[in-house]
Structure formats: C-alpha cells, structure tokens
1. Rolling a 1.4 Å sphere over the protein heavy atoms, what is the accessible area per residue of the chain, to the nearest Å²?
2. Return the ratio Rg/(2.2 N^0.38 Å) for the chain, where Rg is computed over Cα atoms only.
3. Keeping the other protein chains in place, figure out the carbon and sulfur percent of the accessible area of the chain, with a 1.4 Å probe.
4. Can you check what the net charge comes to around I86, using other residues whose Cβ is under 14 Å from the Cβ of I86 (Lys, Arg +1; Asp, Glu -1)?
5. Among residues other than L38 whose Cβ falls under 10 Å from its Cβ, what is the net charge (Lys/Arg +1, Asp/Glu -1)?
6. At 222 nm, what helix-only mean residue ellipticity would the chain give, in deg cm²/dmol to the nearest 500, using -39500 (n - 2.57) for each DSSP H run of four or more?
7. Apply the Karplus curve 6.51 cos²θ - 1.76 cosθ + 1.60, θ = phi - 60°, to the phi angles in the stretch 41-56 and return the couplings in whole Hz, x for Gly and Pro.
Amino acid sequence: MADLPKVQSLDESLRWLDRVERAASVKAIGAWPLGAVLEHLAQSIEMSIDGYPQPRSALFQRTAGSAAFAYFKWRGRMNHALAQAIPGAPALMATSDWRPAAMRLRAAITRFNGYGGPLEPHFAYGPLTRPEFALAHNMHIANHQHEIVVT
C-alpha cells in the first residue's frame, strides 16, 4: 500500500499529485489502471460543479446517502468499492499513460478551489455545503490512495 499519508485537504491532494508525478515508479494495485483511478477522482470533483449524470433518488439521498456521508464524516475516512464507477459517468480510459489523468485531476482540484458558484447535489449524498464537498473529495482521494503504490 502507499506509504504516503492520507490527504486531509485539496491542497494536500495537489502536493500528493506532485509526489506521484515525480516518483520513480507509480502503479495502481486495484482493479483499475492508475490513469483510470485518477480520472475517476477528477470526474467526481468535476461533477460536483457540473452535475452528476445519474443521481440516486431524493429519498435515497435524504436517507441512506446522507447517513453514509455522516458516518464517513464522523470516522474521518471513506470506504467504498474502489472499482465502482460513478453512475452514468463516461467510461474511464484504460491507457497505460496516466499523466493526462493526473493533469485532469490537478485541473479539477484547481477549478473546485476557485469556483464560487453553487455546487450540484452529490449523486448519493445529496446536497452538500462547500466544506462538506471538499471533505468528501478529500476522503475519496484518500480512499483511493490505498491502491496506489509510489516508490
């Protein structure tokens, strides 16, 4: 597993990306290649601004979804199926060149950090405040760090 500490902020995510990009060797050990993992993380951040293509029902978001987020928030970490795509999201690229996906994730974080408009409801958790979305993104990135080996 990755020896890097889990990210706690989106700025730390950018610094983590710096380390990934400078690493002598980096690979994903999960079901997806590294580029797909990074692209998935970028999609999640982008969709918090642009909207999720297939949100769960409002009832799900108000009950199970909001309860799951509250539990993750309480624990300070998220656990989810790491090979589960965002419902309705475009297919992830299965290329061996992960650098474009790293640049996309960097751009998504930078865009989120500079965005001052309204955020779209999360597909599962429902409406989140900006700090809650930042926390959700941080926990999501940290969860996927477990499948990325950097040496």
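1. Details: 7640 Å² over 151 residues.
Averaged over the residues of the chain, the accessible area is 51 Å².
2. Details: Rg = 14.7 Å, N = 151, 2.2 N^0.38 = 14.8 Å.
Computed over Cα atoms of the chain, the ratio equals 0.99.
3. Values: 4400 of 7640 Å².
About 58 percent, which is the carbon plus sulfur part of the accessible surface.
4. Cβ neighbours under 14 Å give a net charge of -3.
5. On the way: positive: R99, R104, R106; negative: E39.
Neighbour charge sum, excluding L38 itself: +2.
6. -15500 deg cm²/dmol
7. Going residue by residue, I get 5, 5, 4, 4, 5, 4, 6, 5, 9, 8, x, 8, x, 9, x, 5 Hz, with x marking Gly and Pro.
The values are calculated or read from the model by the stated rules, or taken from the named source; none is laboratory data. It should be emphasised that the depicted structure is a prediction, and the values quoted were computed from it without experimental measurement. Positions of Cβ are generated from backbone atoms using ideal geometry, with glycine treated the same way; all protein chains shown enter the neighbour counts. Note: areas computed on protein heavy atoms with side chains; ligands, DNA, RNA excluded. Shrake-Rupley method; radii C 1.70, N 1.55, O 1.52, S 1.80 Å.
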